[in-house]
Amino acid sequence: MLEVSDLHVSYGNVEAVRGVSLTATPGRVTLVLGANGAGKTTTLKAIAGLERPHSGRVALDGQDITGLAPHKIVRRGVALVPEGRRVFGPLSVGENLRMGGYTAERSKAAETLDRVHEMFPILSERAGSAAGLLSGGEQQMLAFGRALMSQPAVMLLDEPSMGLAPAVVDSILAKVRQMADSGIGILMVEQNAEAGLDVADEVVAIARGEVVYAGPVSEARDNASVLRAFLGEA
Ligand code: ATP
C-alpha cells in the first residue's frame, strides 16, 4: 500500500501542493480529481521522485521512499505513466517495453512481457513498429505496458484519456480497471471525471493544493461539492 502523508511541494515560493494525504491500495483505483493547476501532476511527480517535497512522507508498505531518486522508486515498485504518454517515438514498440523493464528483475522479464502482451495484444502485433506510428490509444497502452514491465505494486497514471476519442477513452479506462484487478494499486489523475468514476473505487478531490474531499465513489457521486466542482452538475 502507498501512503502519502502531509506532502508539501513548492516551485520557488509558490506552494503547489499543501499538505496532501492519500493512499493507493492493491487492487483498487483511486481517482484524483481537480481543476487545472490544482496540484495533481505535482503530487504524482513528488511521489515518483521527479519533484522533491519539502516536507511530508511517501511510504510503500511502511517503508519510507520520500525523495529517493526516480529509478530507485521504480525499483521499489512505484511506476509513473506520465501525462502525454511520452513513448519513445523512433524506437519500436518492443524496444519501448524493454526499456520499461530495465530496473526489474531479469529472471522475470520474459514472463512479464508475456503478461503485458496478453493484456495488450496490439503491443505484440505491433512489436516491430515505431511507437510514434501508433494511434493515441495504442500509445497509451504502450505507456501502460512499459510501466508494467517494471513489475510495479503501484501505478501512478496522469490523465490517461487525454486527447483520445470517447470510444477509445472507455477502452483505455477498462484497461485501468483490468490492471487494478490484477492486484496493482492505481492512483489516477483524470479530467474526464464521469468516465473515471466508472472504473474507480475511491475519489480524492484536490483544490489549490489541498485535499477537499476523500471517500468511496458511491459517496462522491452524492457529494454536492464534488458534483458541482467536477461533474458540472448543480
Ligand atoms: P493540470 O491539470 O493543468 O495538469 P494539475 O492539477 O496537474 O493541473 P500542477 O501541474 O501540479 O497542477 O500544477 C500546480 C501548480 O504548480 C500550478 O499553479 C502550476 O502553475 C505550478 N507549476 C507546475 N509545474 C511547475 C513548474 N515546473 N515550475 C513552476 N510552477 C509550476
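Across all Cα pairs in the chain, the calculated P(r) in 10 Å bins from zero up to the longest distance comes to 8, 34, 37, 18, 3, 0 percent per bin.
Kindly identify the stretch 41-115 as rounded, prolate or oblate by the Cα gyration tensor criterion: order the square roots of the eigenvalues as a ≥ b ≥ c, call it rounded if a/c is under 1.5, otherwise compare a/b with b/c, prolate if a/b is larger, else oblate. Provide the component values of the computation, followed by the final result.
Numbers: a/c = 2.98, a/b = 1.53, b/c = 1.95.
In terms of gyration-tensor shape, oblate.
Helical runs assigned H by DSSP (4 residues or longer) give the chain a calculated mean residue ellipticity at 222 nm of -10500 deg cm²/dmol, each run adding -39500 (n - 2.57) before division by the residue total. For residue 21, the residues 5 or more places off, or on other chains, whose built amide H falls under 5 Å of its own are 6, 7, 211. Taking all protein chains together and rolling a 1.4 Å probe, residue 222 ends up with roughly 130 Å² accessible.
Could you check how many percent of all C-alpha pairs in the stretch 1-97 are farther apart than 16 Å?
Details: 2761 of 4656 pairs.
Of all Cα-Cα distances in the stretch 1-97, 59 percent exceed 16 Å.
Give me the extension gain from residue 102 to residue 71: residue separation times 0.36 nm, minus the current Cα-Cα distance, reported in nm with one decimal.
Details: separation 31, 0.36 × 31 = 11.16 nm, distance 0.97 nm.
Length difference between fully extended and current span is 10.2 nm.
Of all accessible surface on the chain at a 1.4 Å probe, what whole percent is carbon and sulfur? Walk me through the numbers on the way to the answer.
On the way: 5280 of 10510 Å².
Carbon plus sulfur share of accessible area: 50 percent.
Protection proxy ranking, highest mean first, for peptides 12-18, 130-136: 130-136, 12-18, where packing is the per-residue count of other beta-carbon atoms within 10 Å, averaged.
Give the accessible surface of the stretch 98-209 per residue, rounded to a whole number of Å², with probe radius 1.4 Å and ligands, DNA and RNA excluded. Walk me through the numbers on the way to the answer.
On the way: 4650 Å² over 112 residues.
With all protein chains present, the stretch 98-209 gives 42 Å² per residue.
Can you tell me how the stretch 93-195 classifies by the Cα gyration tensor, rounded, prolate or oblate, using a/c under 1.5 as the rounded cut? Because a/c hits 1.5 or more and a/b fails to exceed b/c, the stretch 93-195 counts as oblate. A Cβ-based charge dipole, computed about the Cα centre of the chain with Lys and Arg at +1 and Asp and Glu at -1, lands at about 720 debye.
Surface listing: 114, 158 arranged by accessible area from highest to lowest gives 114, 158, probe 1.4 Å. Average accessible surface for the stretch 1-40: 42 Å² per residue, computed with a 1.4 Å probe over protein heavy atoms with every protein chain in place. With a ≥ b ≥ c the root eigenvalues of the C-alpha gyration tensor of the stretch 174-218, is it rounded (a/c under 1.5), prolate (a/b larger than b/c) or oblate? Here the stretch 174-218 falls in the prolate category.
Peptides 140-148, 189-197 ranked from most to least packed, by the mean per-residue count of other Cβ atoms within 10 Å: 140-148, 189-197. Rounded to the nearest 20, the size of the Cβ-charge dipole of the stretch 160-220 about its Cα centre is 200 debye, with Lys and Arg at +1 and Asp and Glu at -1.
The values are calculated or read from the model by the stated rules, or taken from the named source; none is laboratory data. Quick caveat: nothing in here was measured; it's all calculated off a predicted structure. Cβ atoms come from the backbone with ideal geometry, glycine included; neighbour counts cover every protein chain shown. Note: accessible area is taken over every heavy atom of the protein model, side chains too, but ligands, DNA and RNA are not part of it. Shrake-Rupley method; radii C 1.70, N 1.55, O 1.52, S 1.80 Å.
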